[in-house]
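Only the coordinates and a few stated rules stand behind these numbers; no lab work does. Everything numeric here is computed off the predicted structure, so don't read it as measured data. For neighbour counting, all protein chains shown are included, and Cβ atoms are generated from backbone atoms with ideal geometry for every residue, glycine included.
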Amino acid sequence: MGKIYTGIELGASTIKVLTLEVVKGNYHVLSVATTPSRGIKKQEIVDIKSCISSLQIAVKKVEEQLNMKITKSVLVLPSENAFFSIEHGTHKIEDRVTGYEIKAALKDAVFKKNDESSEIVGIFPISFSVDDGANVLDPKGSSGSVLSAKVVMSTMPKEKIFPYFQVLKALGIEVADVILAPQADYLACETKDYNRKMGAIINIGEETTTVSIFNKGILIKNETIAVGSLFVDKDLAYIYQTDLKTARLIKETFAITSSRYADTNEWMSIKTLKKEEKKINQIGASKVIESRLEEILKLSKTAINNLTKREISYIIVVGGISELAGFAYLLEDLFGHKANVWNIKEIGIRHNQFTSVLGSVKYYHQRCMLLDTDGTMFSLDAQSNLVSMKKKGSLGSDISLNKFFGHFLDN
């Protein structure tokens, strides 16, 4: 039996709940649910009660599919207000390095490094070393006197993140760990080649676009642009005088992102706001979409240049809108061959809207392996019941993140 984990992402347009099982390093989706989000605007929770209701719908769907209650989850957090710093920590080695020494060195690296107005939301190891030895990613089994850790610590203002914890707490779900959305995106797309280079990830969300810079797989800088895929819908709705629902239908089922591949002979009938029938041409609709996406990608390119002067080896674009027909051609026109759209390969979630929530669970599993911690989120009885379902074929208030990280590193 493998390890079973759950990840939750409270997005501006969609709430996602994913439960998967890790067996011999392979990720198997057990259940996934999405529901339109309410109470969230521009990466901030503005109505906690509405957000709780939305999450409850998605959680209930997953619980009914699995016949297991979700009591723990990894939580994806937006990165707009994150601050990053490099910290160092040490710990004495009794015999050989184990998960205990690694936890202690990480804890020492971030101990009292943030002020009272902020909370720690990420501790990503850059490298470890024993005494004056070489830097390694996983020092377990090494012998020596002192283990040193070099980490990137990320913090955020308390008032920005507590509402996210309150939403999960209201449903009786314990936050087992947290991860910033861009770092989760990277881990979903991670390759050995990317882990050796400097690169960027562009996540085109509903209301905003996040541009993040990674050095050897570690998030070091990011910028949020106040324009996202919703602007495409609004453009189509304005041009064709129709509602947003119809605009999304045009975008997702009819138009092509790169207008040069659109067909002048393809037409679609829609209803306007005045309830009148109107025929629209594919190339016209495609030009509307192309214009807005060009703007988003050009702004992203400028953000990358502002965030780093170092050479970028790769650019990955994620987000639901990257699934649109012709998007890869538009991306190549603006960025060249170093840019590509990441396509999720895991069966059950083959859509780029799930990049962040998938990456969150991969992160949690990797962290548990590094710290030698059994992080499975479901009891043995619940897992046994799940195995039985598989065989039958029926599986279809004040919260301190500093305390949370201390608890995680102490266990």
Rounded to the nearest 0.05, what FRET efficiency is calculated for residue 41 and residue 260 with R0 set to 41 Å and r the Cβ-Cβ distance? 0.70
For residue 271, counting only lysines whose alpha-carbon sits under 29 Å away and dropping same-chain residues fewer than eight positions off, the answer is 41, 234, 245, 251, 279, 287
Within a Cβ distance under 13 Å of residue 335, other residues only, what is the Lys/Arg minus Asp/Glu net charge? 0
Provide 350, 38 in ascending order of the number of other Cβ atoms located within 10 Å of each residue's Cβ, fewest first. 350, 38
Along region 358-368, what does the Karplus equation 6.51 cos²θ - 1.76 cosθ + 1.60 (θ = phi - 60°) give for ³J(HN,Hα), rounded to whole Hz, x for Gly and Pro? 5, x, 5, 6, 4, 4, 4, 5, 5, 5, 4
Dipole moment magnitude, nearest 20 debye, region 1-87 about Cα centre, only Lys, Arg, Asp, Glu C-beta charged: 240 debye
Fewest-first ordering of 208, 308, 19, 264 by Cβ atoms within 10 Å yields 264, 308, 208, 19
Of 342, 261, 320, which is farthest along the charge dipole of region 191-342 in the positive direction, counting Lys and Arg as +1 and Asp and Glu as -1 at C-beta? 342
Give me the net charge for the shell around residue 141: Cβ to Cβ below 15 angstrom, other residues only, Lys and Arg +1, Asp and Glu -1. -4
Mean residue ellipticity (222 nm) of the chain, computed from DSSP H runs ≥ 4 via -39,500 (n - 2.57), nearest 500: -11500 deg cm²/dmol
Counting only DSSP beta bridges with both residues in the chain, tell me the antiparallel percent, nearest 5. 80 percent
For region 1-74, give me the percentage of DSSP beta bridges that are antiparallel, rounded to the nearest 5 percent. 95 percent
Could you give the semi-axes, largest first, of the ellipsoid that matches the chain, computed as the square roots of 5 times the alpha carbon gyration tensor eigenvalues and rounded to whole Å? 39, 26, 20
With a ≥ b ≥ c from the Cα gyration tensor eigenvalues, square-rooted, and the rule rounded for a/c under 1.5, otherwise prolate when a/b > b/c and oblate otherwise, region 83-159 is prolate
Return 118, 13 ranked ascending by Cβ neighbour count within 10 Å, so the fewest neighbours appear first. 13, 118
Assign unit charges at the C-beta atoms only (+1 for Lys and Arg, -1 for Asp and Glu), then state the dipole size of region 191-342 relative to its Cα centre in Debye, rounded to the nearest 20. 400 debye
Tell me the net charge near residue 171. Cut-off is 11 Å between Cβ atoms, residue 171 excluded, with +1 for each Lys or Arg and -1 for each Asp or Glu. +1
For the chain, build the charge dipole from Cβ charges (+1 Lys, Arg; -1 Asp, Glu) around the Cα centre, then report which of 124, 149, 331 sits farthest towards its positive end. 331
DSSP beta bridges in region 191-342: the antiparallel percent, rounded to 5, is 70 percent
Determine the shape class of region 24-164: with a ≥ b ≥ c the square roots of the Cα gyration tensor eigenvalues, call it rounded for a/c under 1.5, and otherwise prolate if a/b is greater than b/c, oblate otherwise. oblate
